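Down below is the structure, laid out as structure tokens.
The values are calculated or read from the model by the stated rules, or taken from the named source; none is laboratory data. Everything numeric here is computed off the predicted structure, so don't read it as measured data. FYI the Cβ positions are ideal-geometry reconstructions off the backbone, even for glycines, and counts take in every protein chain you see.
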Amino acid sequence: MSDPWAAHRAAISVEEEADGVLALSELLRFHDNDMERTLSFLMWHGLAGIWNEALANQVSSPERARSVASAALEELRCRLAVLQRQQLAHQLMQDAVMRATSDALNRASIAFVWLKAAAIRSELYARPGLRPSTDLDLLVAPNDRQGAIRALESIGAEAIASENSSSHEQVMRLRSVDLDVHWHLLAPGRLRDCVTEDILRDRVITEAGPRPSNLHMVALALIHPAFAKHVCSRHMGLNRVVDTLRMLRSWNVDSEDLVQLTKRWGGYTGARASLHWLSKISDSARLSQLNMTFRENAETRRDRYLARRIDQNWPDRWVDRSRLVLGLTFSVWLQDSLADALRAVLARTARARRPMSTTN
């Protein structure tokens, strides 16, 4: 089987101080020397900004560009620079919406945290425009769901999906910026009930607004993609991987604390699966150490089975063909125990029935 993650490793390597020109040569070879396909790959994975920075910093003489035709390299740098400026403009709009949203929720005395890129990009990236995000995600307690929506409506936000379209989030729009208001991190049943309570209790306040603690942010970075993106399917953006690598470099998160937290949340197996895949595309020493800690803690037949599936690129082969097959042969095995798996299946069945009942 050909290596399914050769391009991923090349794309991520600039984050680990690899030679950007040589990494570009690898990317071009993977994409049959097609610059358009290579650029599309970087754009889709949200890496235009960090690649523009890497090439601008590393290509300082003709000798540095010998692996790639100079004209093609210059064209790519120019297009990446344009994309980075567009990302900057979009982030500035999102930052304004974040401030307005934070003010509205604080006035309503609703505890919340920003999630994903919105939570950490101002801390982990040197300047705006390096970490694009299509929307903003925030989390409130289930009991504060309606209050949060009303608070956002009071400043002009509008729902752009019906209230019953999701069991764990409401999609809203404010000033052309999309906001996902979560009252559960994932669809109910995928994780245990304590997750939202833990995150809101231990939140930290930053200049960008409240976010989960460092420990919780790293746990979410490992658990959320396991369930929401099937660990390594084509829907897993590499910008999330860069976030994770930067968190591990910047924050002193205790490995054993992370193991215990993921077990408490019912996301230990999912985190292990994510670490198995991440270690295949990154040479990060901190990531390797963390992967070793999780492997030493326990290794079951289920873990070995999931590792084989990931090695076979099974999630990507099935994600757009049959969610049922993917669920039965991969996703349900990410649950930590039989009780967790049963809870997830029952919750999924209940969600499937709910739309039918609302139309009768």
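Looking across segment 127-165, the residues that are buried (at least 17 other Cβ atoms within 10 Å of the Cβ) and within 27 Å of Gly237 (Cα to Cα) come down to Pro128, Gly129, Leu130, Arg131, Pro132, Ser133, Leu136, Asp137, Leu138, Leu139, Val140.
Cβ separations smaller than 6 Å between residues 6+ apart or across chains give the following pairs from segment 8-37 residues that are assigned by TED's automatic domain parsing to the domain that holds Ala56 to residues that are surrounded by fewer than 20 Cβ atoms within 10 Å (Cβ to Cβ) and basic (Lys, Arg): Val21/Arg64; His31/Arg37. Would you check if there is a residue in segment 137-144 being at pLDDT below 95 and touching a Leu at 6+ places or on another chain (Cβ under 9 Å)? So far as segment 137-144 goes, no, none of its residues is at pLDDT below 95 and touching a Leu at 6+ places or on another chain (Cβ under 9 Å). Selection of strands (runs of 3 or more DSSP E) fully inside segment 169-214 by the criterion of at least 2 residues being without any contact (Cβ under 8 Å) to a residue 12 or more places away in the chain returns 204-206. A Cβ distance below 6 Å, combined with a sequence gap of six or more or placement on separate chains, defines the contacts here; from segment 262-273, residues that are in contact (Cβ under 8 Å) with a residue 40 or more places away in the chain reach residues that are of a type outside the set (A, V, I, L, M) and not in a helix (DSSP H, G or I) in the pairs Trp265/Arg192; Gly266/Arg192; Gly266/Asp336; Tyr268/Asp336; Thr269/Asp336.
Could you count how many residues in segment 145-166 are of a type in the set (Asp, Glu) and either part of a loop (DSSP other than H, G, I, E, B) or not assigned by TED's automatic domain parsing to the domain that holds His182 (or both)? Write out each step before concluding.
Keep residues of segment 145-166 that are of a type in the set (Asp, Glu), which gives 153, 158, 163.
In the following step, the residues that additionally are either part of a loop (DSSP other than H, G, I, E, B) or not assigned by TED's automatic domain parsing to the domain that holds His182 (or both) were identified as 163.
Total satisfying the criteria: 1.
Among the numbered conditions (1) at pLDDT 95 or above; (2) surrounded by 19 or more Cβ atoms within 10 Å (Cβ to Cβ); (3) out of contact with any helix residue (DSSP H, G or I) (no Cβ under 6 Å at 6 or more places or on another chain), the only one that Arg99 does not meet is (2).
Would you mind stating whether Ile199 is at pLDDT 95 or above, in the same structural domain as Asp103 (by TED's automatic domain parsing) and in contact with a helix residue (DSSP H, G or I) (Cβ under 6 Å, 6 or more places away or on another chain)? In short, yes. Whether any residue in segment 235-253 is more than 24 Å from Val332 (Cα to Cα) and over 19 Å from the mean Cα position of the chain (by Cα) is what I want to check. Checked segment 235-253: at least one residue is more than 24 Å from Val332 (Cα to Cα) and over 19 Å from the mean Cα position of the chain (by Cα).
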